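Here the structure is laid out as structure tokens; the discussion comes afterwards.
The values are calculated or read from the model by the stated rules, or taken from the named source; none is laboratory data. This structure is a prediction, so every number in the text was calculated from the model and none was measured. Note that we place each Cβ from the backbone using ideal geometry, even for glycine, and neighbour counts take in every protein chain shown.
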Amino acid sequence: MKVLFSVLKYKLVTNESINIGILFHNLDTDERRLETISKWSRLKNFDDEINMILFKILLNGIKDEVKDSLFKETLHFNISEYTKKFRNEMRFSKIYEEHTDNFDSFVEFNKKIFLRYDYDQKDRPKKDQQIKYMKTLMKSNEIPYSVKKIMGEHQESIQYDYIIDNFAFKFFEFENKKLDRLVSSAKAWAYTAKELSDIYNTIFVYDVDVDDRKFNIIIDILKKSAYDIIKYDNTIDYMSNKNDLTDINF
């Protein structure tokens with residue numbers, strides 16, 4: 001069956017954002033479903049001025065609207081047109097397409113990917129699973145990419161996680177990691193990014209912010225040589241929009 005989905009983000013004026021839901025549309029059965037986070041304290045910490053009571057009422061209204069029988073009986077539900085009307089704090093990502101044999105399992109897996117903090121750490125997808133799924137989405141949505149090894153200045157083999165045109169992506173996983181061990185890796189990749197800067201724009205991707213001095217050191221090291229540093233939550237939109245890859249200003 002073919003499924004369309006879009007990630008719902010809560011965005012601040014500073015351009016920081018947090019994933020708060022996913023809208024699914026099963027084209028085979030016409031089932032529409034908005035799944036949202038359940039651990040609301042994270043959103044409250046993200047924006048301590050938000051009125052959680054009113055916000056939950058608003059989200060419940062969206063849930064009812066997308067699955068309401070009014071759409072089924074009188075209108076063709078168009079997920080692309082529906083998501084375009086959200087332009088303020090709540091914004092939907094572009095629409096992604098995927099095929100699945102089990103709609104419920106597909107919904108649950110995507111929640112673990114994009115709403116990962118609703119789950120215990122042991123149940124969250126690891127870096128390899130995230131990268132694999134990102135490649136699956138790129139393939140399904142006709143975003144060309146490469147995983148080829150490239151040669152460094154000294155003829156050494158270098159492996160990015162994937163490359164789109166001249167943009168090379170490298171993932172870093174910080175959750176539950178010993179950050180001391182990642183400092184040397186960050187230095188090595190920062191050196192590689194600088195060395196290859198005439199050929200590739202290196203984009204470093206990471207999973208979570210960590211309240212630790214070593215984390216800040218690692219990010220600072222990577223920033224000095226990176227074309228950009230982004231969180232995993234923003235990766236797929238970043239990759240699928242060519243303007244994001246060409247119009248970044250520092």
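So which residues in region 173-186 are acidic (Asp, Glu) and not in a helix (DSSP H, G or I)? 173, 175, listed by residue number. Of all residues in region 1-30, those satisfying the criterion of being surrounded by fewer than 16 Cβ atoms within 10 Å (Cβ to Cβ), in contact (Cβ under 8 Å) with a residue 40 or more places away in the chain and over 18 Å from residue 209 (Cα atoms) are 1, 2, 29, 30. Taken together, the residues in region 117-155 that are in a helix (DSSP H, G or I), over 30 Å from residue 191 (Cβ atoms) and without any contact (Cβ under 8 Å) to a residue 24 or more places away in the chain amount to 3. Residues that are of a type in the set (Asp, Glu), exposed (fewer than 12 other Cβ atoms within 10 Å of the Cβ) and without any contact (Cβ under 8 Å) to a residue 12 or more places away in the chain are absent from region 88-102.
Each residue in region 187-210 was checked for being surrounded by fewer than 20 Cβ atoms within 10 Å (Cβ to Cβ), part of a helix (DSSP H, G or I) and of a type in the set (A, V, I, L, M), and 1 pass. Specify the residue that is modelled with the highest pLDDT; the eligible residues are those in region 217-250 that are among the polar types (S, T, N, Q) and crowded, with 16+ Cβ neighbours inside 10 Å. Per the stated criteria, the residue is 225.
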